[in-house]
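Okay, structure first, notes after.
Just so it is clear, none of the values below were taken in a lab; they were calculated from the coordinates. This structure is a prediction, so every number in the text was calculated from the model and none was measured. Heads up, the Cβs are rebuilt from the backbone with ideal geometry, glycines too, and the neighbour counts pull from every protein chain shown.
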Amino acid sequence: MNEKMELPQGWAIEKLGDVCFTTSGGTPSRKIDSYYCGNIPWVKSGELDKGLITKTEEFISEEAVKKSSAKIFPKGTLLIALYGATIGKLGFLGVAAATNQAICGIFKNEVIELQFLKYYLFNKRNKLIEQGAGGAQPNISQTILKELDVVIPPLPEQHRIVAKIEELFSSLDKGIENLKTAQAQLKTYRQAVLKWAFEGKLTNMSESGLGGLQDDRMKAVEQEIPQSPNSPILNSPILQSSNPENPDSDNGELPKGWKWEKLGQLIEKPKYGTSKKCNYDVEGIGVLRIPNISNGYIDASDLKSAVFDEKEKDDLCLRKGDILTIRSNGSVDLVGKCALINKKDETYLYAGYLIRLRPLTHSILPKYLLYLMSSKELRLQIESKAKSTSGVNNINSQELCSLIIPLAPLPEQSRIVTEIETRLSVCDKLEESITQSLSQAEALRQSILKKAFEGKLVPQDPTDEPASVLLERIRALRQAQGPAKKTRTTKGKN
């Protein structure tokens with residue numbers, strides 16, 4: 001909080017510790033089993049992302065509370081995480097409960113509405129993280145929390161601000177949900193396009209309702225690209241036409257002129273990459289690794305290098321049209337993931353966790369194979385063959401060569417690639433727009449909070465009792481507890 005900012009009339013700034021009672025929890029000894037056999041809910045910081053907390057993973061006993069620093073917080077207490085990856089996460093107790101020492105409880109009081117404070121602390125989370133100190137993960141102490149400047153509007157205005165924030169956040173959350181639904185529909189559509197393509201149906205759809213997306217359809221889609229999370233993205237023509245049939249239905253018979261073929265008959269002998277150690281500071285040849293395989297193409301923004309002799313260069317050379325596929329990874333979803341080599345990628349070699357597939361172009365087009373390897377049907381074959389050893393999934397060159405693929409005649413392959421790219425290019429544009437809108441949604445959330453705590457979200461009511469008056473009255477009632485600190489206020493704007 002910028003203390004020099006002009007506050008609305010009736011607002012005040014106080015240290016959080018001067019207006020709220022806070023205390024942290026504790027962890028009973030794990031060596032005494034009976035401490036964890038009680039009926040008192042015990043909250044851990046990882047549970048603070050549940051909003052209103054009514055259930056916990058663990059419970060402790062009354063004896064545990066008596067013989068440790070754990071304490072029972074009343075229902076309605078605001079909780080904030082102090083340590084590690086969860087720092088700054090918030091939650092409300094829906095039941096009386098104890099917490100571990102990584103959580104600070106903030107109790108109800110007469111000065112500040114805890115829902116208002118929750119949103120304020122959410123808005124200040126990054127500042128709190130910056131103030132955190134410690135090892136690899138940030139930690140904030142109660143001292144840091146208590147020293148945090150908090151703006152305090154009149155109580156009625158606090159209630160109005162909370163109501164407005166919740167109204168706007170509800171609308172925002174609905175928009176975000178719609179955007180994520182659209183993302184899921186695009187994923188389904190992409191797989192449907194690939195399924196139709198390799199069943200021979202896609203090139204026969206040009207006259208159907210799905211059809212080729214010509215200029216007029218393209219314009220219609222672009223007009224539906226959302227400018228905000230509330231835009232009617234789900235009305236996009238590409239989403240409305242994305243599932244005219246069940247994409248999980250049986251393949252059926254192949255079209256006339258097509259045949260089933262083993263991949264090994266359509267490519268040169270697969271070639272494993274180098275096992276040579278690569279480094280960032282070596283002046284040699286760039287070596288493509290698993291992180292460089294990105295969405296069907298090479299992302300060479302993060303390269304390591306190594307020194308190779310001429311024989312190694314010849315063995316591991318890359319040509320335009322080659323396909324690199326991941327053969328080994330902890331995630332089975334990444335095994336078999338491919339990238340197509342373009343002219344600019346030919347200067348690189350590749351690492352041992354990758355296999356080079358070199359299509360025999362008189363039999364199969366590189367892009368046809370690339371898209372085929374991403375289809376659901378081929379993914380199922382790849383994942384069924386990938387073996388897991390000590391948590392690492394592997395597929396070898398022989399298993400890749402045994403994949404059964406639907407092979408279209410070369411002219412048909414070319415048309416199929418064109419049809420796929422026409423549709424997926426629209427998907428890419430829409431996906432980019434969705435991602436941008438999700439980013440805008442988060443920025444809008446922060447903007448709402450910023451306006452709220454600057455007094456710009458709801459109008460002020462001159463009949464509201466000023467926060468300074470309320471604070472002085474509360475201090476008078478607490479006079480016995482010690483000298484009061486001066487409340488910082490400004491006359492400011494209305």
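What to note about this one:
- Applying both filters, DSSP loop and at most 11 other Cβ atoms within 10 Å, to the GluC sites (Glu not before Pro) of region 21-102 gives 57.
- Each of 317, 338, 427, 37 was scored by other Cβ atoms within 10 Å of its Cβ. Arranged with the fewest first, they read 37, 317, 427, 338.
- Sparsely packed loop sites in region 264-320 (the trypsin sites (Lys or Arg not before Pro) outside DSSP H, G, I, E and B with at most 14 other Cβ atoms within 10 Å) comprise 277, 319, 320.
- Region 63-111: chymotrypsin sites (Phe, Trp or Tyr not before Pro) falling in loop per DSSP and having at most 15 other Cβ within 10 Å: 107
- Taking packing as the residue-averaged number of other Cβ atoms within 10 angstrom, the listed peptides 151-159, 354-362 run from highest to lowest as 151-159, 354-362.
- Ranking 350, 284, 324 by Cα position along the charge dipole of region 259-407, where only Lys, Arg, Asp and Glu carry charges on their C-beta atoms, puts 324 farthest toward the positive end.
- Take 93-103, 408-418 and order them by the average number of nearby Cβ atoms within 10 Å per residue, most first; the result is 93-103, 408-418.
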